[in-house]
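Taking it in order: structure first as structure tokens, then the write-up.
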Amino acid sequence: MSPASTGPLPPVERVRPGLWSVPVPIPSSSLRYVFVYVFETDAGPYIVDTGWNTDDAFAALSAGMEHLGSRVQDIVGVMVTHIHPDHYGLAGRVREASGAWISLHPADAALIADRYDEPTDLLARVGSMLRRVGAPEAELSSLQNASMPVRPFVDSVRPDVLMEDGDHPEIKGWDLTALWTPGHSPGHLCFWEAGNRLMLSGDHVLPRITPNIPFHPQAGSDPLGDFLAALEKLRPYAADEVLPAHEHRFTNLQARLDELQAHHQQRFAEVVQAIRDGVTSAWDIAARMHWSRPWDRIEGFMRRAAVGEAMAHLRALEQRGVVRERVGEPSQWELVA
Ligand SMILES: [Zn+2]
Ligand SMILES: [Zn+2]
């Protein structure tokens, strides 16, 4: 656990006149909280992201809204950056309380049923993926089911609005544009607020940690390639401040984009070196990569995420013609020429 994993939540803060950040707790996560951003308007508040579906989270959101002189019941619209439980999980409950609309990018909306309602087929596909990456037999079933414990924290409602790249949600007094930034999730959205030059970056760009870019059956064929391109998509925006969904607000977006690009270049080099040293399965390559804690202390969902991350690097390198997969159980990865 990092030092940031303990301690009180940050306070509700006024980011700009009429724009607030409300931290909503995420139980048993080292991220600790997600920031819900609240845009005030004459018609009522609009929010970006919600927190996940627990009584604690709903209470924190309610208290936060009251702190800024409003109520959850008054919320008019809920713009969700992506489908992960800590962002989308509570959206249904907010809609129930307020009648607000919920928006999501279509690429994430398309994943809801498979992921949260009828996961049997998805679990089977995760199982075959784990065999292909070379997960040890003894860990297969626990890894296969590793994401199931979060299901109760998601109310798998359908969005009312499909928010596409370049859409301008009509929020009076604010100048918002949705930016499709796939990678961390296939339908991830950032929001640019041109009036104040603010980038709401969701989980796409965080100040300290690098977002997990998982390769899994619901990801596209090259999620890391998508992610790296989506980092460049933000480069032209001269943001005065970046408003991420976790950690803390920050300045100098472009420097952070450089750091994230450099991080993945280093990861590519690690993967290539592992293969050069004769390590061939994605599982063994993942075990060789540098993580924030030793491999044998990475467990459950975190371990699956790590292997998914190794796979994402392998797929991106495959797209670039650097490595190729000899498909099997497990697949063997080799350098091209
Ligand atoms: Zn996320
Ligand atoms: Zn998140």
Exercise. Within the stretch 185-206, work out how many residues are under 20 Å from H248 (Cβ atoms) and either of a type in the set (D, E, K, R) or open to solvent by 20 Å² or more (accessible area, probe 1.4 Å) (or both).
Key: 5
Quiz item: Quick check, is A138 within 19 Å of the chain's Cα centre (by Cα), surrounded by fewer than 16 Cβ atoms within 10 Å (Cβ to Cβ), under 30 Å from W283 (Cα atoms) and not acidic (D, E)?
Solution: no
Practice problem: Of all residues in the stretch 63-91, count the ones that are hydroxyl-bearing (S, T, Y) and assigned to a loop (DSSP other than H, G, I, E, B). | Solution: 2
Exercise. Filter the helices (runs of 4 or more DSSP H) completely within the stretch 92-179 down to those with at least 3 residues that are over 14 Å from H216 (Cα atoms) and in contact (Cβ under 8 Å) with a residue 40 or more places away in the chain.
Key: 106-109
Practice problem: Inspect the stretch 232-242 for any residue being crowded, with 19+ Cβ neighbours inside 10 Å and within 16 Å of ligand 2 (Cβ to nearest atom) and give the result as yes or no. | Solution: yes
Exercise. Would you be able to say whether some residue in the stretch 271-278 is away from ligand 2 (no atom under 16 Å from the Cβ), outside any helix (DSSP H, G or I) and touching a residue at least 12 places away in the same chain (Cβ under 8 Å)?
Key: no
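Here's the yes/no breakdown for (1) crowded, with 21+ Cβ neighbours inside 10 Å; (2) within 16 Å of ligand 2 (Cβ to nearest atom); (3) hydrophobic (A, V, I, L, M, F, W, C):
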| residue | (1), (2), (3) |
| --- | --- |
| V78 | yes, yes, yes |
| V94 | yes, no, yes |
| A100 | yes, no, yes |
| S103 | yes, no, no |
| A109 | no, no, yes |
Quiz item: Name the residues in the stretch 243-261 that are out of contact with any Phe, Trp or Tyr (no Cβ under 8 Å at 6 or more places or on another chain) and either within 16 Å of ligand 1 (Cβ to nearest atom) or open to solvent by 10 Å² or more (accessible area, probe 1.4 Å) (or both), would you?
Solution: E247, H248, R249, F250, T251, N252, Q254, A255, D258, E259, L260, Q261
Self-check item: Residue in the stretch 44-64 that is nearest to ligand 2 (Cβ to nearest atom), counting only those that are more than 20 Å from P27 (Cβ to Cβ) and more than 23 Å from the chain's Cα centre (by Cα)
Solution: P45
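The values are calculated or read from the model by the stated rules, or taken from the named source; none is laboratory data. Because the structure is predicted, anything quoted here is derived from the model rather than measured. Cβ coordinates were reconstructed from backbone atoms using ideal geometry, including for glycine residues, and neighbour counts include every protein chain displayed. Heads up: the accessible areas ignore ligands, DNA and RNA and are worked out on the full protein's heavy atoms, side chains in. Shrake-Rupley method; radii C 1.70, N 1.55, O 1.52, S 1.80 Å.
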